[in-house]
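The values are calculated or read from the model by the stated rules, or taken from the named source; none is laboratory data. This one's a predicted model, so the numbers in the text were calculated from it and none came from an experiment. FYI the Cβ positions are ideal-geometry reconstructions off the backbone, even for glycines, and counts take in every protein chain you see.
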Amino acid sequence: MANFIIGPDDYLTIAAAIDAASQGDTISLSSGYSDETVTVTKNDITIFGSSSSHGIALVITDGASGLVLSGDAPINVTDSSSDDTVFGNDGD
């Protein structure tokens with residue numbers, strides 16, 4: 001399992017990290033990362049972010065499942081088919 005860090009020294013966007021990720025990988029948002037809407041196309045990935053991250057919106061494509069949200073980031077999730085699986089952060 002790999003950890004992809006979103007920030008100036010690694011991946012510049014969540015979308016780029018998702019493209020590189022495989023099942024079981026974690027994408028970690030740098031402190032203060034903000035303002036990205038991205039489509040989740042991979043199964044069984046974890047996205048971690050601190051409460052200082054904001055403006056993150058994920059759209060889960062039909063058939064993508066097992067998304068885990070970790071940390072305190074207020075991440076908004078839209079499920080395109082209503083039968084996908086999301087675990088973790090409730091977006092408060």
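Data overview
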read-out	value
In region 39-68, the residues that are among the aliphatic types (A, V, I, L, M), part of a strand (DSSP E or B) and within 18 Å of residue 1 (Cβ to Cβ)	40, 47, 67, 68
Subset of region 9-32 that is more than 21 Å from residue 60 (Cβ to Cβ) and without any contact (Cβ under 8 Å) to a residue 12 or more places away in the chain - its residue that is farthest from the chain's Cα centre (by Cα)	9
Enumeration of residues in region 8-38 that are surrounded by 14 or more Cβ atoms within 10 Å (Cβ to Cβ) and part of a strand (DSSP E or B)	11, 26, 27, 28, 29, 36, 38
Tally of residues being over 11 Å from residue 40 (Cα atoms), at pLDDT below 85 and of a type in the set (Asp, Glu) across region 62-83	1
